[in-house]
């Protein structure tokens, strides 16, 4: 019997959702419709189907026998499978606008499937899409693993290159994912320092691994601002540095300069940004940010001609 | 383009979810609900009808009752999947981000629904998308887009040049941190994108300007912007800077990260170099960077720090 790919995936899902205990790969290959009896081909098909189901949120549980370690079985946790969300037809209609809003392909795809799922809840009262567009940064590979770890309150380990610190392994209690200023960040407690930190996902190298048991910590009340935001005072030439001005308060200083005050939570990235304005924006205080800008300008003054 | 398997599987499961508590449903309603033709719904039902638990005897299979004359459907047996599938983390983030952003945009008829959605999704999603609130000029631009009319803006460019521009706005967008308007610009005689936080003032175009903007747009041939290729070396510690550049070709070398890119403007690159992340760059740009860095260092030298 020729079984199409979507049909085989449905058969796998229904088999794993109805198995009284669990199914081994052997049992899946023998009993679920559509799988090849060839070893390599079966492995390929099964891995692909499993990945697809997981990527749409199907909780496939892997059970290992405590005595026979290679005796691996699979099942679907039907309680975890179910959506716990009730929405009115107006809310479903408004949520459906998400399909029109996203401009970057991975988010447009995710929104389209999310909307299909919420439209299973009830009829939708649809409204017109607004002439507007949201261009969110493309998600990093670690995003799904981190979301999963947050949901389960499990610690994670990953290799991270900080802006001012060398590449090394970090262990973190993950609290929340934040999209900000074109990038994705993880907010959580750094286990080494014990303090709240932000990690930019594009600086995470390789895999994120979950470590330790589920429910290992509580997520405390927290501000999504990075730890201490500090006020930076900057002298800005009239009419210059418009994007800095938009983020702070401006008062006149002298005939051709204004005094600008901005709250800054990422001093290193901020120093890089201000240095970009050269003589048009001069940091007066605090001293460490001022020194940071000067050091960057000194480096820039020595920039070489590319061969 | 054929539909992706992952989208089809998502809809198949959502159909089961919808039919779990909606009975005797017209196929036309399902088509409307899931945004596909009725013929596709019938194909989906045909596929579901032959899936089930291993053995695949009649009692193992998903079953519907279908009223052929009226074209109405009920689910008789869902094999455990007469339930709604949860949102995957990525889908939940895509929906929450769209809601958060549509709220910030203050879209008319759905405002109440968006408010309640934000609260419901907050408990479900471990992520926040920080969205800058829309600048004051947004409303005026929205009105102009709706009316297909021109506006005159006073604008500060990324190079800090102040210009007055007659534009025909077409689309408003945001990447989560800044807002943009895209449209036809009479000064550039081409399509341009402007950051709203750099719009200093805005007024409606008068009758004559209106006519001249529309005429000029009609009569402007599409021309490609002047571009050049740039090559530069980025400090490995700032690798993410290179990775964030759209369309950049990146390769690792012993002396740093080599980046090659085709661009219309180079001012952003000069800024990046002033920020100290660039080690070497095309000679004309290197000269500019060195001059501007020296000017800036002189400005720091003559300006005492505060405190």
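This table checks each residue for (1) loosely packed, with under 14 Cβ neighbours inside 10 Å; (2) free of Cβ contacts under 8 Å to residues at least 12 places away in the same chain.
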| site | (1), (2) |
| --- | --- |
| B:208 | yes, yes |
| B:260 | yes, no |
| B:269 | no, no |
| B:287 | yes, yes |
| B:293 | no, no |
| B:302 | yes, yes |
Some residue of segment B:250-270 being assigned to a helix (DSSP H, G or I), closer than 20 Å to residue A:295 by Cβ and facing chain A (nearest Cβ under 7 Å): no
Index of the failed condition, residue B:78 passing every other in (1) modelled with pLDDT under 95; (2) at the interface with chain A (Cβ under 10 Å from one of its Cβ atoms): (1)
Filter result (over 20 Å from residue A:221 (Cβ atoms), free of Cβ contacts under 8 Å to residues at least 12 places away in the same chain and in contact with a strand residue (DSSP E or B) (Cβ under 9 Å, 6 or more places away or on another chain)) within segment A:150-199: A:168
Only one of B:26, B:37 that is farther than 30 Å from residue A:27 by Cβ and touching a residue at least 12 places away in the same chain (Cβ under 8 Å): B:26
Positions within segment B:16-39 being surrounded by fewer than 17 Cβ atoms within 10 Å (Cβ to Cβ) and more than 9 Å from chain A (Cβ to nearest Cβ), in sequence order: B:23, B:24, B:26, B:28, B:31, B:37, B:38, B:39
Hey, residue A:48 farther than 23 Å from residue B:57 by Cβ and either more than 8 Å from every other protein chain (Cβ to nearest Cβ) or at pLDDT 95 or above (or both) or not: yes
Qualifying position, being touching a residue at least 40 places away in the same chain (Cβ under 8 Å) and either within 23 Å of residue B:267 (Cα to Cα) or more than 10 Å from chain B (Cβ to nearest Cβ) (or both), among A:293, A:282, A:250, A:303: A:282
Residue list for segment A:46-76, restricted to those being in contact with a strand residue (DSSP E or B) (Cβ under 9 Å, 6 or more places away or on another chain) and more than 22 Å from residue B:81 (Cα to Cα): A:64, A:65, A:70, A:71, A:72
Any hit, segment B:183-199, residues being within 14 Å of chain A (Cβ to nearest Cβ), on the phi < 0 side of the Ramachandran plot, touching a residue at least 40 places away in the same chain (Cβ under 8 Å) and not in a helix (DSSP H, G or I): yes
Filter result (surrounded by fewer than 16 Cβ atoms within 10 Å (Cβ to Cβ) and out of contact with any strand residue (DSSP E or B) (no Cβ under 6 Å at 6 or more places or on another chain)) within segment B:178-203: B:188, B:189, B:190
Residue within segment A:85-102 that is more than 19 Å from residue B:98 (Cβ to Cβ), surrounded by fewer than 17 Cβ atoms within 10 Å (Cβ to Cβ) and within 17 Å of the chain's Cα centre (by Cα) present: no
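Determine if segment B:219-238 includes at least one residue that is under 30 Å from residue B:144 (Cα atoms), more than 11 Å from chain A (Cβ to nearest Cβ), in contact with a helix residue (DSSP H, G or I) (Cβ under 8 Å, 6 or more places away or on another chain) and part of a loop (DSSP other than H, G, I, E, B). Give the steps one after another, and end with the answer.
First, the residues of segment B:219-238 that are under 30 Å from residue B:144 (Cα atoms): B:219-226.
Remaining after also requiring more than 11 Å from chain A (Cβ to nearest Cβ): B:219-226.
From what's left, in contact with a helix residue (DSSP H, G or I) (Cβ under 8 Å, 6 or more places away or on another chain): none.
No: segment B:219-238 contains no residue that is under 30 Å from residue B:144 (Cα atoms), more than 11 Å from chain A (Cβ to nearest Cβ), in contact with a helix residue (DSSP H, G or I) (Cβ under 8 Å, 6 or more places away or on another chain) and part of a loop (DSSP other than H, G, I, E, B).
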Every residue from segment B:271-284 that is over 20 Å from residue A:295 (Cα atoms) and either in contact with a helix residue (DSSP H, G or I) (Cβ under 6 Å, 6 or more places away or on another chain) or part of a helix (DSSP H, G or I) (or both): B:283, B:284
Checklist (1) modelled with pLDDT of 75 or more; (2) facing another protein chain (nearest Cβ under 8 Å); (3) buried (at least 16 other Cβ atoms within 10 Å of the Cβ) applied to residue B:128, failing item: (1)
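Answer with yes or no whether residue A:288 is surrounded by 15 or more Cβ atoms within 10 Å (Cβ to Cβ) and either touching a helix residue (DSSP H, G or I) at 6+ places or on another chain (Cβ under 8 Å) or not in a loop (DSSP other than H, G, I, E, B) (or both).
Details: surrounded by 15 or more Cβ atoms within 10 Å (Cβ to Cβ): no; either touching a helix residue (DSSP H, G or I) at 6+ places or on another chain (Cβ under 8 Å) or not in a loop (DSSP other than H, G, I, E, B) (or both): yes.
So residue A:288 does not fit the description; no.
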Residues satisfying the stated conditions in segment A:58-82, i.e. surrounded by 12 or more Cβ atoms within 10 Å (Cβ to Cβ), without any contact (Cβ under 8 Å) to a residue 12 or more places away in the chain and within 14 Å of chain B (Cβ to nearest Cβ): A:82
Only one of A:141, A:128 that is modelled with pLDDT under 85, out of contact with any helix residue (DSSP H, G or I) (no Cβ under 6 Å at 6 or more places or on another chain), under 27 Å from residue A:81 (Cα atoms) and more than 7 Å from every other protein chain (Cβ to nearest Cβ): A:141
Out of B:44, B:7, sole residue that is within 19 Å of residue A:52 (Cα to Cα), more than 8 Å from every other protein chain (Cβ to nearest Cβ), touching a helix residue (DSSP H, G or I) at 6+ places or on another chain (Cβ under 7 Å) and without any contact (Cβ under 8 Å) to a residue 60 or more places away in the chain: B:44
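Table: residues versus (1) part of a helix (DSSP H, G or I); (2) surrounded by 14 or more Cβ atoms within 10 Å (Cβ to Cβ).
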site: A:218; (1), (2): no, no
site: A:243; (1), (2): yes, yes
site: A:252; (1), (2): no, no
site: A:258; (1), (2): no, yes
site: A:270; (1), (2): yes, yes
site: A:274; (1), (2): yes, yes
Subset of segment B:82-108 [in a loop (DSSP other than H, G, I, E, B) and either under 34 Å from the mean Cα position of the chain (by Cα) or more than 11 Å from chain A (Cβ to nearest Cβ) (or both)]: B:83, B:84, B:86, B:87, B:88, B:106, B:107, B:108
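The values are calculated or read from the model by the stated rules, or taken from the named source; none is laboratory data. All values reported here derive from a predicted model rather than from experimental measurement. Glycine also receives a Cβ, built like all others from the backbone with ideal geometry; neighbour counts cover every protein chain displayed.
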